Amino acid sequence: MALPQTVREYEELGLSRLWNFPTLYYMRGSDDQQTFADSEKAFLRYRLRPRILRGINNIDMSCSLLGREINFPIGLAPTACCRFAHSEKEIGTCIASVKQGTVMIHSCASTTKVSELMEAAPNALVWQQLYLFKNKLLTQQLIKEAEASGVKALVVTVDAAGGCNRRISPYTEGSREHACNTEFRLPNFEISTPDCLGYQKMGDQNLWAYCAFQCQESSNSLEDLRWVQTITSLPIVVKGIIKGSDAKKVIEEGIASAIIVSAHGGRQLDGIPAPIDALGEILEAVRETGSNTEVYMDGGIRSGSDVFKALAVGAKAVFVGRPALWGLAANGTEGVSHVLELFREELSDVMAQCGCATLSDITPSSVINEAKYLAKLEP
Ligand SMILES: Cc1cc2nc3c(=O)[nH]c(=O)nc-3n(C[C@H](O)[C@H](O)[C@H](O)COP(=O)(O)O)c2cc1C
């Protein structure tokens, strides 16, 4: 069978291989899905500004994130529950990241432990994602394991402060047997701390509710983030920043080595801006701090052209969530690897056509917001 030639074709193929519940779980945004839809659509509001006749013979997309070299500025965002997509689960995604020479962020709500990932792919560049759990022992355990496994950074997701309604349930819209089959486990939540024993006691039926309970904590404050910093020597990446003042807060406290501008794929608070639109405000705030904190973004990236636009606005790198899940569902490791390759090839083509030989040639003048462009044309 011919391979898909675009990320969108992987979406179609990947989703066609999934049953009802994972499709909804992977694809649904929260509430009215405004942020989910706008995160993709927003890229259409940015237009490319190519420079012609630049004599480009070679395109170099390599870059360094937190001091580590990757082949191109597109990493894999943390996504929970990869086992729904394919039996190779997070291990498949991780091996694909090594094949393509990029970074993978491993979700704490994964169906594989980070130690298993690193055994399967010892050369992988992996960052471990976690939430500010109510259960501090769980956080400590996760960090200890990440450090022992050779993980290079912690990604703390800060945009899950309360419940969200994705209007799905494994019980009403999916097959309960599938959702709770014996291969499906969230091993990070199986540790034996006084609270986490609850996982085993409650059993699979309550697994979803239990994980949500562990993650969503509106009483979290900067103090909790500071506490994480005291128990690790790894650099901290703060994920889920959508406002300049929040970026300033975590930078001025000396906590964030990097931030990810993210709307959690539209899965948490609906109604917040598309990350590509928020990026400018956040970069401005970071500049005002005078720090060299790296700024990445995720959300709605479906093509090399989208990547180029995000880099032009000012992101150092981007991360993709659903596209990797589509690749995994379509064809395991090979599918994820090919999705990354498509992004890389497309970015290379757009760079060539826009007159950019290296990533530093991509500047704010490489792109213009449609509204500004049209305003210029007004009589
Ligand atoms: C199925 C699914 C599971 C996710 N799980 C997590 C997670 O465990 N932790 C986290 O910080 N973000 C999680 N995210 C959000 C992604 O890391 C990322 O922010 C988002 O998917 C980017 O948008 P995109 O899917 O349009 O690329 C998840 C996203 C999806 C689609």
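Bear in mind these aren't lab numbers, they're just calculated from the coordinates by the rules spelled out. Just so you know, these numbers come straight off a predicted model, no measurement behind them. No Cβ is skipped: glycine too gets one built from the backbone with ideal geometry, and neighbour counts run over all protein chains shown.
So for the pair W19, L66, with labels modelled 7 Å out along Cα→Cβ, what separation do we get in nm?
Label-label distance for W19 and L66, simple model: 3.7 nm.
Determine the percent antiparallel among the DSSP beta bridges restricted to region 7-374, to the nearest 5. Display every interim value, and only then the final one.
Values: 6 of 35 bridges.
The antiparallel fraction comes to roughly 15 percent.
Toward the positive end of the charge dipole of the chain, about the Cα centre and with charges on Cβ (Lys, Arg +1; Asp, Glu -1), which of I91, T79, G280 goes farthest?
Of the listed residues, the answer is G280.
Report the Cα centroid-to-centroid distance between region 217-278 and region 1-59 in angstrom, as an integer.
24 Å
On average, how much area does the Cα convex hull of the chain cover when viewed from any direction, in nm²?
Values: hull surface 78.6 nm².
The directionally averaged projection comes out at 19.6 nm².
Taking neighbour Cβ counts within 10 Å as the exposure measure, how do Y26, Y10 sort from fewest upward? Before the final figure, lay out each step's value.
Numbers: Y26 23, Y10 28.
Fewest to most other Cβ atoms nearby, the residues stand as Y26, Y10.
Work out the FRET efficiency for R51 and K99 from their Cβ-Cβ distance, taking R0 = 35 Å, and round it to the nearest 0.05. Show your work: numbers first, answer last.
Values: r = 33 Å, r/R0 = 0.93.
That gives a FRET efficiency of 0.60.
Helix 275-289: angle to the longest alpha-carbon principal axis of the chain, degrees 0 to 90, nearest 10?
Helix 275-289 sits roughly 80 degrees off the main axis of the chain.
At 0.36 nm per residue, and after removing the present C-alpha to C-alpha distance, how many nm does the segment from S245 to L3 gain when stretched out fully? Please report the intermediate quantities before stating the final value.
Details: separation 242, 0.36 × 242 = 87.12 nm, distance 4.44 nm.
Length difference between fully extended and current span is 82.7 nm.
Positive end of the charge dipole of the chain (Lys, Arg +1 and Asp, Glu -1 on Cβ, about the Cα centre): tell me which of N58, V367, A120 has its Cα farthest that way.
Toward the positive end, the furthest listed residue is V367.
Given +1 on the Cβ of Lys and Arg, -1 on the Cβ of Asp and Glu, and no further charges, what dipole in debye does region 288-379 carry about its Cα centre, rounded to the nearest 20?
Working: 7 positive and 12 negative charges, 32 e Å.
Taking the Cα centre of region 288-379 as origin, the dipole is about 160 debye.
Show the residues, 5+ positions off or on another chain, whose built amide H is closer than 5 Å to the amide H of A153.
Result for A153 returns Q128.
Where the only charges are on Cβ atoms (+1 Lys, Arg; -1 Asp, Glu), what is the dipole of region 267-328 about its Cα centre, to the nearest 20 debye? Working shown, then result.
On the way: 6 positive and 8 negative charges, 58 e Å.
Rounded to the nearest 20 debye, it is 280 debye.
Provide the gained length on full extension for the span A148 to E116, in nm with one decimal, where the gain is 0.36 nm per separating residue minus the Cα-Cα distance.
Values: separation 32, 0.36 × 32 = 11.52 nm, distance 1.19 nm.
Contour length minus the Cα-Cα distance gives 10.3 nm.
Tell me the label-point distance for the pair E341, S365, using the 7 Å Cα-to-Cβ offset, in nm and rounded to one decimal.
It is 3.7 nm.
Could you size up the charge dipole of region 234-355 around its Cα centre, putting +1 on the beta carbon of Lys and Arg and -1 on that of Asp and Glu, and report it in debye to the nearest 20? If you can, show how the numbers build up before the last one.
Working: 11 positive and 16 negative charges, 37 e Å.
Approximately 180 debye in magnitude.
For the chain, build the charge dipole from Cβ charges (+1 Lys, Arg; -1 Asp, Glu) around the Cα centre, then report which of G355, F319, S39 sits farthest towards its positive end.
With unit charges placed on the Cβ atoms, the residue in question is G355.
Would you mind ranking S107, S366 by Cβ crowding within 10 Å, fewest neighbours first?
On the way: S107 25, S366 22.
Lowest count first: S366, S107.
Place a point 7 Å from Cα of N58 in the direction of its Cβ. Which residues in region 356-375 have their backbone N less than 15 Å from it?
What the label zone holds, given the 15 Å backbone N cut-off, is 357-359.
How much mean residue ellipticity at 222 nm does the chain get from its helices, if each DSSP H run of length 4 or more adds -39500 (n - 2.57) and you divide by all residues, to the nearest 500 deg cm²/dmol? Could the numbers behind the result be given before it?
Details: 15 runs with 162 residues, N = 379.
Estimated from H runs of four or more residues: -13000 deg cm²/dmol.
If one computes P(r) from the Cα atoms of region 1-106, what percent of pairs lie at distances over 17 Å? Before the final figure, lay out each step's value.
Working: 4008 of 5565 pairs.
Roughly 72 percent, rounded to a whole number.
So for the pair D32, E253, with labels modelled 7 Å out along Cα→Cβ, what separation do we get in nm?
Label at D32, label at E253, 3.2 nm between them.
Which whole-number percent is the relative contact order of the chain (Cα, under 8 Å, 6+ apart)?
On the way: 745 pairs, mean separation 107.1, N = 379.
Relative contact order for the chain comes out at 28 percent.
Using Cβ counts within 10 Å as a stand-in for footprinting exposure, how do I168, I143 rank, fewest first?
Details: I168 16, I143 19.
Final ranking by Cβ density, sparse to dense: I168, I143.
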